[in-house]
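Before any comments, here is the structure.
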Amino acid sequence: MSENINLTGKINERLPAELVRLIEAIGAIASHQDQHLYLIGGAVRDLLLERETFDLDLAVDGDAIAPAQLLANTTQGRLTVHTRFKTANLRWKEWRIDLAAIRSETYDRPGALPKVKPGSLADDLFRRDFTINAMAVQLSPGRYGDLIDPYGGREDLEQGLIHVLHDKSFADDATRIWRALRYEQRLGFRLEPATLELLNRDIAMLDTISGDRIRHELELILREPYPEKVFLRADELQVLPRLQPGLKGNNWLSERFEQARQVSSPTPPPASLYLPLLTYTLTAEQVEQMIARLKLPKSLSQTLRGTCELKSEIASLAAPDIKPSHIYDLLHSYSPAAITAVSLAVDSPETSRNIRQYLARLRYIKPALTGEDLKSTGLAPGPRISDILTRLRAARMDGEVTNRAGEEKLVREWLRKDT
Ligand code: CTP
């Protein structure tokens, strides 16, 4: 192994003192039981890169339950112990700390969830996706802070490479194909050439992954600061059509995602805004395929369907002299999420303006008169009343009437004509 690297300085710099003390205490307890404690995986990568991280994966080479109890006794955080899996999870402020026993995994068949059994630290690191995620830091007294890097993760970090640990990695778990693109684009890295070849070889394995797992990957991508970068790369590598044929990662998508961030600022856009933009190029049939394949939740599915339907109806919204009540008629049955997505997706500035007018103003307009008011004039309860209210709402929107007295006058005229 290469030179001895110690990360104590970086740990002290980047983790709150209270958390560092807690980790030291767990390390000491583990060591009394002849066990070692390690920080493992993504947090080590982020420490070396000096990137923010709030997820700490701790591992002991033994039973994780006793050290977990210590966590429970000494912190204010919310601790959950999973006795069956011998793991524990602590939520403390914005931090998430997972504690598990070191383990190795084998896959019975491609795409299956792994079988887990106790193993050495090297096994535990070897079962991981990429070298940059396969490092650990010793947290036990004596060697506290020492980097353990058996697979060259630090060198790949320095060279900016996403590098699998062995040539069955993508076949074992094809979600790693998406993970590779996500890390590559997040960190501004590139796929190491042999890894790229394996990715190309194993691309079809993506079809062996369950809808739930693929959806989870998609959710993780949509939480990245610039998800479009992952979709552009996935398009280039022919990974995107494996998610759903018909999807496109291109400049159009980048511009729309950027606009989505602007309209959602200061919070990042929700999946219910990003996703209908991603699926905007799909036919209704393809939207249904994607909903079924990814088992998308109901409200999100409705937003995607609504967006697709609305897309086919919006041509008339481009007319500059369209009446506000007509805009309302066209849009009011769609969810605000679908409407917002379409307003960002359309090319016509008139359409976009008309949709914004609906979202900002028209959808809130109501007549001053209520159903009760109409009943008290002697109208029988029934569809007639809702018809009149609809007409009043339209009259308000189109500026034909501006106050209650005007509405009463209109209603009298309509009733006179009708009788
Ligand atoms: N891992 C893996 N294969 C997967 C998923 C996860 O090998 N399909 C491993 C990786 O080594 C990863 C660790 O499990 O570092 C924890 O997974 P996760 O929390 O998803 O990774 P982080 O690196 O913490 O990711 P992120 O920075 O995106 O939160």
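The values are calculated or read from the model by the stated rules, or taken from the named source; none is laboratory data. Predicted model only: the values in this text are computed from it and were never measured. Because the Cβ atoms are built from the backbone with ideal geometry, glycine has one as well, and the counts that use them run over all protein chains shown.
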- request: Evaluate segment 340-348: report whether one residue or more is closer than 30 Å to K409 by Cα, of a type outside the set (D, E, K, R) and assigned to a helix (DSSP H, G or I).
  value: no
query: Can you tell me which residues in segment 134-166 are away from the ligand (no atom under 13 Å from the Cβ) and over 27 Å from D61 (Cα atoms)?
result: E158, Q159, G160, L161
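Can E413 be described as in a helix (DSSP H, G or I) and surrounded by fewer than 18 Cβ atoms within 10 Å (Cβ to Cβ)?
Details: in a helix (DSSP H, G or I): yes; surrounded by fewer than 18 Cβ atoms within 10 Å (Cβ to Cβ): yes.
Considered against the rule, which asks whether it is in a helix (DSSP H, G or I) and surrounded by fewer than 18 Cβ atoms within 10 Å (Cβ to Cβ), E413 comes out as yes.
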task: List every residue pair whose Cβ atoms sit under 8 Å apart, with the two residues 6 or more apart in sequence or on different chains, where the first one lies in segment 289-303 and is surrounded by 15 or more Cβ atoms within 10 Å (Cβ to Cβ) and the second, anywhere, is among the aliphatic types (A, V, I, L, M) and not in a helix (DSSP H, G or I).
output: M290/L282; M290/L296
- line: Subset of segment 152-197, residues surrounded by fewer than 22 Cβ atoms within 10 Å (Cβ to Cβ), among the aliphatic types (A, V, I, L, M) and assigned to a helix (DSSP H, G or I), comes to L157, A171, L187, A194, L196
message: Just to be sure I understand, how many residues within segment 271-288 are in contact (Cβ under 8 Å) with a residue 24 or more places away in the chain and loosely packed, with under 15 Cβ neighbours inside 10 Å?
response: 2
Positions within segment 308-339 being of a type outside the set (A, V, I, L, M) and outside any helix (DSSP H, G or I), in sequence order: S312, E313, P320, D321, K323, H332, S333, Y334, S335
- request: Just give me the residues in segment 50-74 being aromatic (F, W, Y) and either within 11 Å of L99 (Cα to Cα) or without any contact (Cβ under 8 Å) to a residue 12 or more places away in the chain (or both), in sequence order.
  value: none
field: Counted residues, segment 221-251 - those being surrounded by 15 or more Cβ atoms within 10 Å (Cβ to Cβ) and farther than 18 Å from Y183 by Cβ
entry: 5
query: Among R78, R91, R127, which is the only one that is basic (K, R), on the phi < 0 side of the Ramachandran plot, surrounded by 14 or more Cβ atoms within 10 Å (Cβ to Cβ) and at pLDDT 75 or above?
result: R127
